[in-house]
Amino acid sequence: MVTVSSVSVDVVERFRALWRSLEKIGRDEETGGYRRHGWNGADLECREWFAEEAADRDLELRVDGNGNLFAWWGDGDDAVLTGSHLDSVPDGGGYDGPLGVVSALVAVDLLRERGHTPRRPIVVATFAEEEGSRFGLACLGSRLLTGAVDTRRALALTDREGVTLARAIAATGGDPAEVGPDPDLVARFGCFVELHVEQGRALVDLDAAVGVASAIWPHGRWRFDFRGEANHAGTTRMADRHDPMLTFAFTVLAANKEARLSGAHATMGRVHVSPNATNAVPGQVTAWLDARAAEQSTLDQLIGSVTAKATERATRDGTAVAVTAESVTAVVEFDAALRDRLATALGGVPVLPTGAGHDAGVLSAVMPTAMLFVRNPTGVSHAPGEHATDEDCAAGIEALAATLEELACR
Ligand SMILES: [Zn+2]
């Protein structure tokens, strides 16, 4: 098994050096969180960093029309694709995404130094806007590449300032006409292995530095539009109000309770209030529900019962609620043969599911896909406290190097 004690000081040092060269980009000094969002300044700096690292390694950099970057070691078809993403959620941690990219680059270095020449190309990728933080659709780059999202619909997506994806791409030197599926490129990849920091504490409980993914829970985002009647906070009698904030507040509690009862996860972490004034009864509240469960039926039941409770409460509050599904993803079972091969090659590391979505989930529809997870001592993710020790990151690099050797060099 790949264990921390089997990792050399040299690999830890290599990881630290490359990590340091990336970690300042897009980090807010006050919060310590990252603000790397698709096609913003920090995101473009990250892409430049990647291009330089690829050039330093004589990897041929190819960019598709969707802002995804690919650094090729070797040429030909049936390539082994690895890497992850460099963008973050607002005030996100540093490891979600970048750990997979940095680990892939160091793994390439290790394979070379150990005298391996791949018989299949090894390609390190960074996928664009994986978190969907700017345009609201997670895994945007991999969805566009594989045709999992309609190109015209994607180009019309807007950020919070009303800038469309088409405009953001054009403003940063890209060509919106080039956006869309690239089946010829996809056909050149034989499989994808994404290394990622674990976004939970399963590996802590299992006392293992590295694990292999079994599946991604079905998950999605639902928009709740609560409509009432804006009015004066001082003069409107309590009995005469149509206050959508009440319906919203009840829905937040109902989502939490229903998720606890069904063993699912539900969060309302984003809300817009109109007019958002201290002395006004609000007229409109829009909030987003993020929900995930091990089984599709559990997730469906959760959304059904939260919707029913919100609707019933709206009747009592004299408001209305409309629920719209956005960015819903079915369960992803990773390729069983690839998963078992990797778990065996890595000496029997644990196999575990995850509640988080990934580009690997999108790509699993078009190629055999696997994921490696690196232990996260606190389990915190999508927040500045997200962490993995340098020694565990080095263990992840050794595991990825062994994986690439197994898949591409034998
Ligand atoms: Zn990620």
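The values are calculated or read from the model by the stated rules, or taken from the named source; none is laboratory data. Being a predicted model, the structure only gives us computed values, none of them experimental. Cβ sites come from the backbone with ideal geometry, for glycine too, and all protein chains shown count toward neighbours. Calculation scope for accessible area: heavy atoms of the full protein, side chains included, ligands and nucleic acids excluded. Shrake-Rupley method; radii C 1.70, N 1.55, O 1.52, S 1.80 Å.
Report, to the nearest 10°, how far helix 98-113 tilts away from the longest principal axis of the Cα atoms in the chain, using its own Cα long axis and a range of 0 to 90°.
It is inclined by approximately 0 degrees.
Filter the trypsin sites (Lys or Arg not before Pro) in the range 35-117 down to the DSSP loop ones having no more than 16 other Cβ atoms within 10 Å, then list what survives. Intermediate results must be reported in sequence, preceding the final value.
Working: sites: Arg35, Arg36, Arg47, Arg57, Arg62, Arg112, Arg114; in loops: Arg35, Arg36, Arg57, Arg114.
Sparse-neighbourhood loop trypsin sites (Lys or Arg not before Pro): Arg57, Arg114.
Within 10 Å, count the other beta carbons around each residue, average over each peptide in 217-228, 201-212, and list them highest first. List each step's numbers first, then the result.
Working: 217-228: 21.3, 201-212: 19.1.
The peptides rank, most packed first, as 217-228, 201-212.
Taking the Cα-to-Cβ direction at Arg223 and at Arg62 and moving 7 Å from each Cα, how far apart do the two end points lie in nm?
Label-label distance for Arg223 and Arg62, simple model: 3.6 nm.
Using the crude model of +1 on Lys and Arg Cβ and -1 on Asp and Glu Cβ, and no other charge, please compute the dipole size for the chain relative to its Cα centre, in debye to 20. All intermediate terms of the calculation are to be shown ahead of the outcome.
Details: 38 positive and 59 negative charges, 254 e Å.
Computed about the Cα centre, the dipole is about 1220 debye.
Using a 1.4 Å probe on the protein heavy atoms, what percent of the accessible area of the range 38-165 belongs to carbon and sulfur? All intermediate terms of the calculation are to be shown ahead of the outcome.
Numbers: 1870 of 4230 Å².
Accessible surface attributable to carbon and sulfur in the range 38-165 totals 44 percent.
Taking the Cβ of Gly174 as the centre, find all other residues whose Cβ is under 15 Å away and add up their charges (Lys, Arg: +1; Asp, Glu: -1). Intermediate results must be reported in sequence, preceding the final value.
Numbers: positive: Arg47, Arg62, Arg134, Arg167; negative: Asp43, Glu48, Asp64, Glu129, Asp175, Glu178, Asp182.
Counting the neighbours of Gly174, the net charge comes to -3.
Compute the FRET efficiency between Ser274 and Asp300 as 1/(1 + (r/R0)^6), taking r as their Cβ-Cβ distance and R0 = 35 Å, and round to the nearest 0.05. Intermediate results must be reported in sequence, preceding the final value.
Details: r = 30 Å, r/R0 = 0.87.
That pair, Ser274 with Asp300, gives E of 0.70.
Using a 1.4 Å probe and counting only protein heavy atoms, arrange Lys24, Lys257, Lys309 so the residue with the most accessible area comes first.
Details: Lys24 150, Lys257 125, Lys309 75 Å².
Output order, biggest surface exposure first: Lys24, Lys257, Lys309.
For the chain, build the charge dipole from Cβ charges (+1 Lys, Arg; -1 Asp, Glu) around the Cα centre, then report which of Val252, Val212, Phe15 sits farthest towards its positive end.
Result: Val252, furthest along the dipole toward the positive end.
Determine the calculated [θ] at 222 nm for the chain from helices alone, applying -39500 (n - 2.57) to every DSSP H run no shorter than 4 residues and normalising by the residue count; nearest 500 deg cm²/dmol.
Values: 13 runs with 146 residues, N = 410.
Value at 222 nm, helices only: -11000 deg cm²/dmol.
Can you grab the distance from the C-alpha centre of the range 82-134 to the C-alpha centre of the range 314-360, Å, no decimals?
One Cα centre to the other: 21 Å.
Please figure out what share of the DSSP beta bridges in the chain is antiparallel and state it in percent, rounded to the nearest 5.
Taking every DSSP beta bridge with both residues in the chain, the antiparallel ones total about 70 percent.
Which distance in Å, rounded to a whole number, links the C-alpha centroids of the range 147-223 and the range 376-392?
Between the Cα centres of the range 147-223 and the range 376-392 lies a distance of 21 Å.
I need the chymotrypsin sites (Phe, Trp or Tyr not before Pro) found in the range 115-217, filtered to DSSP loop residues with at most 10 other beta carbons within 10 Å of theirs.
none
Go through 7-20, 292-305, 349-362 and give me the packing order, highest mean Cβ count within 10 Å leading. If you can, show how the numbers build up before the last one.
Details: 7-20: 15.7, 292-305: 17.3, 349-362: 22.5.
Ranked from most to least packed, the peptides come out as 349-362, 292-305, 7-20.
Taking all protein chains as present, what is the carbon and sulfur share of the accessible area of the range 251-390, in % to the nearest whole number, probe 1.4 Å? Walk me through the numbers on the way to the answer.
Details: 3370 of 6330 Å².
Here it works out to 53 percent.
On C-alpha positions alone, give me the angle between the axis of helix 296-317 and the longest principal axis of the chain, in degrees, nearest 10.
20 degrees
For the residue pair Asp205 and Glu52, what label-to-label distance in nm results when each label sits 7 Å from Cα along the Cα-to-beta-carbon direction?
Computed distance between label sites Asp205 and Glu52 equals 4.2 nm.
Please give the per residue accessible area of the chain, computed with a probe of 1.4 Å over protein heavy atoms only, in Å². Working shown, then result.
Working: 17090 Å² over 410 residues.
Accessible area per residue: 42 Å².
Say the dipole of the chain comes from +1 at the beta carbon of Lys and Arg and -1 at that of Asp and Glu; which of Val149, Ala314, Pro377 then lies farthest toward its positive end?
Ala314
Residues with beta-carbon under 12 Å from that of Phe334, excluding Phe334: net charge, scoring Lys, Arg +1 and Asp, Glu -1?
Working: positive: Arg339, Arg341; negative: Glu194, Glu333, Asp335, Asp340.
Computed value for this residue: -2.
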